[in-house]
Every structure is written in C-alpha cells, then in structure tokens.
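The values are calculated or read from the model by the stated rules, or taken from the named source; none is laboratory data. A quick note: this is a predicted structure, and the numbers were derived from the prediction, not measured. For neighbour counting, all protein chains shown are included, and Cβ atoms are generated from backbone atoms with ideal geometry for every residue, glycine included.
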Amino acid sequence: MALKLLDERNEIWLFDCGEGTQHQILRTTIRPRKITKIFITHNHGDHIFGLPGFLASRANQGGTEPLTIYGPKGIEDFVRTSLKVTQTRLSYRLKFEVLKPGVVLDDKTFTVTCDHLDHRIEAFGFRIAEKDHEGELLIDKVREAGIPAGPAYSRLKAGETVTLADGRTFNGQDFIGPAQHGRTVAIFGDTRQTQSELALAKDADVLVHESTFAGEEARMAKQYYHSTNVQAARLAKQAGVHRLLLNHISARYVGKMARDLEKEARKIFANTRVVADLNEFDIPFIKTHAEDTDDNDQ
C-alpha cells in the first residue's frame, strides 16, 4: 500500500512491502526516490519479502534521499542481513525505528500513532492523522473592505491587526476563513478482532482492513488470527469511519465471490469497497463523515 503525500510533503509512504513490490511500482506513476518512509505491520514474509529488492531498486533508480523503516523488532536484522549476503550497496542512508505502541512520528503536517493488533506474531495497526490546515485569506472580503494589495495581505493572513495609512484598523482574524480539518487514515495489518482497533480507527476518513475470510468463516478467521469482512464492517460502523477498504482477500475469493464479500459487508457498512492491485483512491477533504464520497474513486 502506498500513501501518496506529494501535495502535502512531496513524499510517498509505503505500508508493508510484499514480494514483487518493485515490479508493481513499475506499473504505476510512483517514483521510488519519492518513497521516504516504510511502515511494516508485522514480519511475516508476505509483508516484508519485497523489502531487499525494493531498496536495491530505489538505489539503482537514482534514490539518494534517506529512507526510514518503521517496524517490529527484527526487521532491521532481516534487511541488513539480506543486503550483506547479496553485497548490495545503497546510495542513501537507511534508518530503522522499532515500533512500540504510541506516537511513531509527529511533525508539522502529520501525526502517526500505532498500537498492537492480535496476530500470530507481534503486529501493529497505524493511524495517520493530518494536521488541520489554516483558514484561507478571504480575498473578496479584503477587497470589499478597500484594503490595498501589498504587505497588509500577509499580515492579515497571519491574523495580525493592520493599521492603514488612512488610519483605518483591521483585525486579521476577521478576514480568515475556517480551518480545514485534516484527513485521517487507519491502516491495519493482519489481525483478529481486538479492542485496540477501535481507537486507531475512530472517525477515520478511510479504514484499510484485512478481510481474509467471509462472514460465515468467523471461527476459521479466529483460528488463523485473521478477520472477516463482516467483522471489519462492524468495526467501521462502530468507529464512525467514512469509508472502508477491504484488502488481504484470501485467494479462494475470486470474481463473483470477491464481489459477494463486498455485498455482504455493505449490508452492515454501506461505504465498503473490496480493493484490487493497482486500485487508486482519492481521499478528499470532507466537512462531515455523513457524506458519501464513493464517487471520488480513481
């Protein structure tokens, strides 16, 4: 999974890196050098076996910017050993951060938190929360007030009080629109249903959740430490998310059976989609989680 943040910070973040990741990227517009962070949900092979190949490809394709891998204990050993045995030399600095529940990253644009899920080995879910955007300067209102263009505009945008040459005084706060709430995405790896999911998914614009099994196979899902489409849909409804994307579908569900998984989940949570390789979804700004943005699919 790739989270494109080109407009927000000119970066792309990967979540897990299964076999063939570097080949799939060639079928997209993603430039490997733009990938600066990789978040690993857990260390099972189908989620990390693509790491050595991708890291080497990133170097071969001109990547020089540092890259950070956030993952459970052991991920650094796996990567370092793979690179050492294959005598792979990277053209950029590789950094590792061992995950533990809590804040993973917090800067001026995003806060990323994680918590344990319930899988056979240590596994994590992530909540990626965008910081609120400051309100825009209401240019039409500024012009209506007869404020001449110039340095006064930037001061008003900063919320300052401005006194013009003619003696008129204006409070910048009166000319700034409402702040735009940032978007939130919750991305989970393999897991059985567990209480920690609820806090991570609460009011998210998008929840990406595994759906290895159909609803009637809840017992098997629990046995193999996975989830069903119905369980994911119930979580989405309880957490008040806006959209649910189901992935990690068992190979037994193809064609009509995959569509049936979606239909079954939609009976519980209407805005559900079973996703496929190379699907791309826009995450628009929304004013209320009651709106339906299914038409924004790309």
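Counting only helices (runs of 4 or more DSSP H) wholly contained in the range 30-94, the ones carrying 1 or more residues that are touching a strand residue (DSSP E or B) at 6+ places or on another chain (Cβ under 6 Å) occupy 75-85.
A single member of THR64, THR109 is surrounded by fewer than 20 Cβ atoms within 10 Å (Cβ to Cβ), without any contact (Cβ under 8 Å) to a residue 60 or more places away in the chain, among the β-branched types (Val, Ile, Thr) and not assigned by TED's automatic domain parsing to the domain that holds ALA251, and it is THR64.
Per-residue answers, yes or no, for (1) under 23 Å from PHE124 (Cα atoms); (2) more than 16 Å from the chain's Cα centre (by Cα); (3) outside the structural domain of LEU156 (by TED's automatic domain parsing):
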| site | (1), (2), (3) |
| --- | --- |
| ALA199 | yes, no, yes |
| LYS202 | yes, no, yes |
| VAL208 | yes, no, yes |
| GLN238 | yes, yes, yes |
| SER250 | yes, yes, yes |
| TYR253 | no, yes, yes |
| ARG259 | no, yes, yes |
| GLU264 | no, yes, yes |
| LYS267 | no, yes, yes |
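Could you check, for the range 183-203, whether at least one of its residues is within 17 Å of ASP132 (Cα to Cα), surrounded by fewer than 17 Cβ atoms within 10 Å (Cβ to Cβ) and of a type in the set (A, V, I, L, M)? There is no residue in the range 183-203 that is within 17 Å of ASP132 (Cα to Cα), surrounded by fewer than 17 Cβ atoms within 10 Å (Cβ to Cβ) and of a type in the set (A, V, I, L, M). Taking ARG80, is it in contact (Cβ under 8 Å) with a residue 40 or more places away in the chain, more than 22 Å from the chain's Cα centre (by Cα) and surrounded by fewer than 14 Cβ atoms within 10 Å (Cβ to Cβ)? Against the criterion (in contact (Cβ under 8 Å) with a residue 40 or more places away in the chain, more than 22 Å from the chain's Cα centre (by Cα) and surrounded by fewer than 14 Cβ atoms within 10 Å (Cβ to Cβ)), ARG80 does not qualify.
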